[in-house]
Amino acid sequence: MTTAVIVDALRTPGGKRNGKLRNWHAVDLASEALRALAERNQLDPALIDDVIMGCVSQVGEQAFNVGRSAVLAAGWPESVPATTIDRQCGSSQQALHFAAQGVMSGAYDVVVAAGVEVMTRVAMGSSMGQGAG
């Protein structure tokens, strides 16, 4: 079995409600981190087998596969696949587990696990609609 290793970890600054990041769209915020990851590791994005991004509130601006949108906004090739997962507060952690499992099983060589949430623009609970069910 292949051993999965974490090559790098980075994040954008943490913000507060209506703080300095309030005008940043989730796609733009995530794409900045993706670009920085590739740049500082001298990584050709075309070598990435998948991007798995956690996001709890996949509504409004964060809907429609925000992970895929971030990959494209980062200027990475269209051939780089991406998906967005929701496991509530563990979404980014689950992305990391799925990435590691993909490497360990031999399905991936290089995979990016990530997460994004801009709660000033998409408020907590906004994905609940008119009730659960």
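The values are calculated or read from the model by the stated rules, or taken from the named source; none is laboratory data. These numbers come from a predicted model, not from an experiment. Note that each Cβ is placed from the backbone with ideal geometry, even for glycine, and that neighbours are counted across all protein chains shown.
Residues in region 101-128 that are more than 15 Å from the chain's Cα centre (by Cα), outside any loop (DSSP other than H, G, I, E, B) and surrounded by 13 or more Cβ atoms within 10 Å (Cβ to Cβ): Gln101, Gly102, Val103, Met104, Ser126, Ser127.
Scanning region 67-90 for residues that are outside any loop (DSSP other than H, G, I, E, B) and at pLDDT 95 or above yields Gly67, Arg68, Ser69, Ala70, Val71, Leu72, Ala73, Ala82, Thr83, Thr84, Ile85. Residue count for region 39-56 satisfying the condition of being of a type in the set (Gly, Ala, Ser) and surrounded by 19 or more Cβ atoms within 10 Å (Cβ to Cβ): 1.
Do we have Gly115 as closer than 16 Å to Ala4 by Cα and not hydrophobic (A, V, I, L, M, F, W, C) here? No.
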